[in-house]
Amino acid sequence: MPTNNGLPSLDITFKGLGVSAIKRGERGYATLILEDSTEGENKKKYTTISDFTSEEQAKFTPGNVEYIKDALEGTPLALYVFKLGTDGVLADLLNKIKGIIPRNSWIAILSSTPKNHTDLATFVKGENKNNKKRYKAMIFKGTTPDDMHIVNQTNEKVVFPDERGEVTGDKAIPYLLGYYAGLSMMMSGIAKPLKFISVTEPEDLGVAISNGEHVLFNDEGVVKVARAVNSLVTLGEGVTEEMTHINTVEKMDLIYCDIYNAWDINYKGKYPNILDNQMLLISAINGYFKSLARDKILDPNFDNRSLVDIEAQRLANYPKYGEETVNAWDDNYAMKMTVATKVFLKGNIKISGIMEDFFFDIFM
């Protein structure tokens, strides 16, 4: 028989997630798809460059070996490598991949075929919208992807510091994949010099960035990210300019996945749907927010909190009790009128950005 006891395990889970958020945000997961028809297993996982031994390297073409090394340079938490054979279908491979890689992962394909990048972007959009994933794709010269989880790299050419020399811009994708997967969420992509000798810049960096392009530029002898933005350009209600920044989306995804996984593992289906238990869940989430604010992932000067979404709960009660009756309830009563198995919560938080822009006027 179920009881109305508290939720200590959930509270402990959120406290642990809050305490470890900085550590977990230091590095993320990367998934690299390679066009490679060599024999052997088409799925590999490497945690460091030392895992990529000569025996492992023999399982890929010599050219692809270099691109795997590129991805590992960024020191992602783990690098998943999948091979797409000559006769392989990318959609089939992506359906396999989604059952293997973590919910919050970067994904890229090394390919000169534009359709492969378009298909990857479409896959990521669909999984994030329909299956509660938080994948991020690094694609090359996509056609108006316009999505906060799609980074659209567009430099026409890059120059490697090794025998590869000058190559087409799509060859930079594995390195940038590992770079962002291994980049601390306390840091922006513009902070570090990249490995390239030089890059071919777009005609107008500012225009390219405003169009949602991720571009590299030559900065006094080193190559850097011009602006660490994703491809989102269409803003509106609930979709703000802050969401065009890769770092902000990384923090959003960390928070989303923490709360979703804690709910899915520790709470869903285990407690009666009454206000008392909902308030315990809210209390645990708010404690998690406080931990994130203490570590500056959330703005400590903002009142970050979750609460019952009273309006959504009212709407859900209309079919049973009628609009007129429900609208007559005061907020306290409406909060108590939980709906079957549904839990309606909302949050109001402010994610800390990274200092990138500097304005300093001096008057004489």
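Side notes on the structure shown:
- Using a Förster distance of 25 Å, the FRET efficiency for Lys350-Lys129 (Cβ separation, nearest 0.05): 0.55
- Simple spin-label estimate for Ser54 and Glu203 in nanometres, 7 Å along Cα-Cβ: 5.1
- Estimated D of the range 75-133 in µm² per second, where Rh is the Kirkwood radius over Cα pairs and Stokes-Einstein applies at 10 °C, 1.306 mPa s: 128
- Take the Kirkwood radius over Cα pairs of the range 203-270, plug it into Stokes-Einstein at 25 °C and 0.890 mPa s, and you get 170 µm²/s for translational diffusion.
- Cα-only Debye scattering, the range 101-248: base-10 log of I(q)/I(0) at q = 0.11 Å⁻¹: -0.38
- Sparsely packed trypsin sites (Lys or Arg not before Pro) within the range 55-90, loop by DSSP, other Cβ within 10 Å at most 13: none
- Computed from point charges on the beta carbon alone (+1 for Lys and Arg, -1 for Asp and Glu), the dipole magnitude for the range 150-288 about its Cα centre is near 480 Debye.
- Considering only the chain, percent of DSSP beta bridges that pair antiparallel, nearest 5: 50
- Among the chymotrypsin sites (Phe, Trp or Tyr not before Pro) found in the range 271-364, those both in a DSSP coil and sparsely packed, with 12 or fewer other Cβ atoms within 10 Å of their Cβ, are Phe358, Phe359, Phe360, Phe363.
- Helix 310-321 axis, angle to the chain major axis (alpha carbon atoms, nearest 10°): 60
- Alpha-carbon Rg with Dmax, taken over the range 123-184, Å: 13.6, 43
- Of the GluC sites (Glu not before Pro) found in the range 227-262, the ones in coil according to DSSP and having at most 13 other Cβ atoms within 10 Å of their Cβ are Glu237.
- Cα long-axis angle, helix 246-266 against the chain (0 to 90 degrees, to the nearest 10): 50
- Distance between modelled label sites at Asp299 and Thr168, nm, 7 Å Cα→Cβ extension: 4.4
- Take the Kirkwood radius over Cα pairs of the range 233-334, plug it into Stokes-Einstein at 4 °C and 1.567 mPa s, and you get 79 µm²/s for translational diffusion.
- Multiplying the residue separation of Glu73 and Ala312 by 0.36 nm and subtracting their alpha-carbon distance yields 81.4 nm.
- For Asn332 and Asp276, the difference between the fully extended length at 0.36 nm per residue and the C-alpha to C-alpha distance is 18.9 nm.
- Taking label points 7 Å from Cα along the Cα-to-Cβ direction, Met364 and Lys45 give a separation of 6.2 nm.
- Counting DSSP beta bridges with both ends in the range 87-206, the antiparallel % (nearest 5): 40
- Proportion of all alpha-carbon pairs of the chain beyond 26 Å (%): 56
All of the numbers you see were taken from the coordinates with simple rules; none came from a lab. Because the structure is a prediction, the values reported are computed rather than measured. Here the Cβ is made from the backbone with ideal geometry for all residues, glycine too, and neighbour counts use every protein chain on show.
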